[in-house]
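Following: one structure in structure tokens, then a few remarks.
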Amino acid sequence: RGEAGDNVGVLLRGIDRDGVERGQVLVKPKSVTPHTTFEAEAYILTKEEGGRHTPFFANYRPQFYFRTTDVTGTVKLPEGTEMVMP
């Protein structure tokens, strides 16, 4: 028996394996609203902290990790900001 927040394996009869991807969620219909954009404030790790050692610019496409899944996003910098130095 799984509860909210648990990672589980599920047998879905009538669903092809190609129709399911790692990181998807199984929820009650209409209980979750999917989003395609979000606004965030981020701290970029320096090279010494194990992060980036080069700057990035507007439209940089990093991977964002959310619990069990990852997605490629696009960074939109604030107006007047040309690049971000780690």
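The values are calculated or read from the model by the stated rules, or taken from the named source; none is laboratory data. Not measured: the values here are computed from a predicted model. Here the Cβ is made from the backbone with ideal geometry for all residues, glycine too, and neighbour counts use every protein chain on show.
Criterion first (touching a Ser or Thr at 6+ places or on another chain (Cβ under 7 Å), part of a loop (DSSP other than H, G, I, E, B), of a type outside the set (Lys, Arg) and more than 21 Å from residue 80 (Cα to Cα)) does residue 5 satisfy it? In short, no. For the residues 25, 32, the requirement of being at pLDDT below 85, of a type in the set (Val, Ile, Thr), out of contact with any Leu (no Cβ under 9 Å at 6 or more places or on another chain) and part of a loop (DSSP other than H, G, I, E, B) singles out 25.
Only a single criterion out of (1) surrounded by 10 or more Cβ atoms within 10 Å (Cβ to Cβ); (2) under 20 Å from the mean Cα position of the chain (by Cα); (3) charged (D, E, K, R) is not satisfied by residue 41, namely (1). The set of residues from the stretch 38-86 being hydroxyl-bearing (Ser, Thr, Tyr) and closer than 30 Å to residue 8 by Cα comprises 65, 68, 69, 72.
Total residues in the stretch 61-83 satisfying the condition of being within 30 Å of residue 7 (Cβ to Cβ) and surrounded by 12 or more Cβ atoms within 10 Å (Cβ to Cβ): the figure is 6. Residues in the stretch 44-57 that are outside any loop (DSSP other than H, G, I, E, B) and either of a type in the set (Val, Ile, Thr) or loosely packed, with under 10 Cβ neighbours inside 10 Å (or both): 48 alone. Every test in (1) assigned to a loop (DSSP other than H, G, I, E, B); (2) within 14 Å of the chain's Cα centre (by Cα) is passed by residue 11 save one, and that test is (2). Is it true that residue 60 is assigned to a strand (DSSP E or B), under 30 Å from residue 20 (Cα atoms) and out of contact with any Ser or Thr (no Cβ under 7 Å at 6 or more places or on another chain)? The answer is no for residue 60.
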